[in-house]
Amino acid sequence: MMEADMRRILVTGANKGIGYAIAQAILEEHSDTYVILGARSAERGRRAAEALGEQRVRSLELDVVSDDSVSRAARVLAEDPPLYAVVNNAGVMTDDVRETLAVNLLGVRRVSEALLPLLQPDGGRIVNVTSAAGPNFVSQCSPERQKLFVDPQLEWTELQAFVELCLKLGNDAKAYEAKGLGNGNAYGLSKACANSYTRWLARQHPRLHINACTPGFIDTDLTRPYAQQQGKSPEELGMKPASAGARSTLHLLFAELKGHGHYYGSDAQRSPLDRYRSPGDPPYTGD
Ligand SMILES: NC(=O)c1ccc[n+]([C@@H]2O[C@H](COP(=O)([O-])OP(=O)(O)OC[C@H]3O[C@@H](n4cnc5c(N)ncnc54)[C@H](OP(=O)(O)O)[C@@H]3O)[C@@H](O)[C@H]2O)c1
């Protein structure tokens, strides 16, 4: 099979961690796929593609915070037939609201907007890798604030205005508290926004399958500093290997799905946007 005849899937931030595991699982489980490994470092991307040891993969330089990088990547991708799917996996966990929103929300938006015209117009898919930190964040907000995140008719302009407010509040935990926004945890805030953005985006593109999911608590470079801080091993903290973190994304890429714009837990079952649902608990059935 030639690349042009395969289901082409771009995964961002795929040079390591969960993104790499997602790429590996796609290639292993679906022989009709071709994976494009997005990486902000061309060299790290090239090495990761090589490590996969597969013909059906190549790397592509893609820094989700850079307009230039994303438009360049889109031009390269436009030379081939439409994409079957985009996985917005690239993410960071920092204490800085601006830096975290730039990757985890605005990066997801930048890549989605640039690549939407390149997706198969009927049934193309976008999977946004978010986090249970999103619903956890929303659960700590005041009831008034929670409304924004769970509003099924939320507009991008409203979310954008909220982001502007957060950028003004900066990293001052007390300022967030005073506004009914918990302690303003940058990571949780960014992932809550990304979940709500996913729902908005899905509403704009009803012929596509656009959803979000958490990979679960996974041992990667992102979480390892936390384990070190706790003085415990990743296993002791219940972290799973990166391969386990690919499961929910694989479900959203290939399973038959009911509805769209939803957020899924690491067990690939629907979860609410405003509170944590443990894997194995009954799936969420609301809007
Ligand atoms: N690990 C967990 O327990 C967990 C839980 C919930 C959600 N998640 C989410 O899962 C996703 C993957 O995280 P991970 O745990 O696999 O972390 P990771 O090992 O640190 O990998 C993050 C990936 O994102 C890339 N990245 C960061 N900024 C980027 C940018 N501006 N442009 C392009 N790529 C960028 C990194 O590239 P470099 O190598 O160049 O830095 C790396 O490839 C993230 O969205 C994270 O929030 C993880």
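Rule-based calculations on the coordinates, nothing more; no lab input. What you see is a predicted model, and the numbers here were worked out from it, not measured in a lab. Backbone-built Cβ (ideal geometry, glycine too); neighbour counts: all protein chains shown.
Normalising by residue count, the stretch 18-131 has a Cα convex hull of 110 Å³ per residue. Here the Debye sum runs over all C-alpha atoms of the stretch 108-216 as equal scatterers in vacuum, and log10 of I(q)/I(0) at q = 0.19 Å⁻¹ comes out as -0.96.
Give me the percent relative contact order of the stretch 130-287, please, defined on Cα pairs under 8 angstrom at least 6 residues apart. Walk me through the numbers before you get to the answer.
Details: 240 pairs, mean separation 46.3, N = 158.
After rounding, I find 29 percent.
Amide H contacts under 5 Å for Arg7: Thr33, Tyr34, restricted to partners 5 or more places along the chain or on a different chain, H placed in the peptide plane at 1.01 Å from N. Pick out which of Gln230, Gln24, Gln120 has the largest mean-square fluctuation in a Gaussian network model of the chain, springs linking Cα atoms closer than 10 Å. For the chain, modelled as a Gaussian network with Cα springs under 10 Å, the answer is Gln230.
Seen against the Cα atoms of the chain and their longest principal axis, helix 42-52 is set at about 70 degrees.
Arrange the following residues from fewest to most other Cβ atoms within 10 Å of their Cβ: Phe149, Phe217. Could the numbers behind the result be given before it?
On the way: Phe149 22, Phe217 18.
In order of increasing Cβ crowding within 10 Å: Phe217, Phe149.
3J(HN,Hα) along the stretch 250-267: 4, 4, 5, 7, 10, 6, 6, 10, 9, x, 7, x, 9, 10, 10, x, 5, 8 Hz, from the Karplus curve 6.51 cos²θ - 1.76 cosθ + 1.60 with θ = phi - 60°, whole Hz, x for Gly and Pro.
For the stretch 159-287, state the semi-axes of the equivalent ellipsoid (square roots of 5 times the eigenvalues of the alpha-carbon gyration tensor), sorted largest first and rounded to whole angstrom. Walk me through the intermediate numbers first.
Numbers: eigenvalues 127, 115, 30 Å².
After diagonalising the Cα gyration tensor, the semi-axes are 25, 24, 12 Å.
Comparing Pro82, Pro152, Pro215 in a Gaussian network model of the chain, where Cα atoms under 10 Å apart are tied by springs, the biggest mean-square fluctuation is seen for Pro152.
Could you list Val70, Val35 in order of exposure, starting from the residue whose Cβ has the fewest other Cβ atoms within 10 Å? Before the final figure, lay out each step's value.
Details: Val70 22, Val35 27.
If I rank by nearby Cβ atoms, fewest first, I get Val70, Val35.
Quick check: the angle from helix 67-77's long axis to the longest principal axis of the chain, C-alpha only, nearest 10 degrees? The angle comes out at about 30 degrees. Whole angstrom only: what separates the Cα centroid of the stretch 105-136 from the Cα centroid of the stretch 176-222? That distance is 11 Å.
Ranked for footprinting exposure by Cβ neighbours inside 10 Å, fewest first, Cys141, Cys193 give Cys141, Cys193. Over the residues of the chain, the helix contribution to mean residue ellipticity at 222 nm works out to -12500 deg cm²/dmol, using -39500 (n - 2.57) for each DSSP H run of at least 4. Magnitude of the charge dipole for the chain, about its Cα centre and with charges confined to Cβ atoms of Lys, Arg (+1) and Asp, Glu (-1), is about 240 debye. For the chain, count all C-alpha to C-alpha pairs, find those more than 36 Å apart, and express that count as a whole percent of the total. Counting every Cα pair in the chain, those more than 36 Å apart make up 10 percent.
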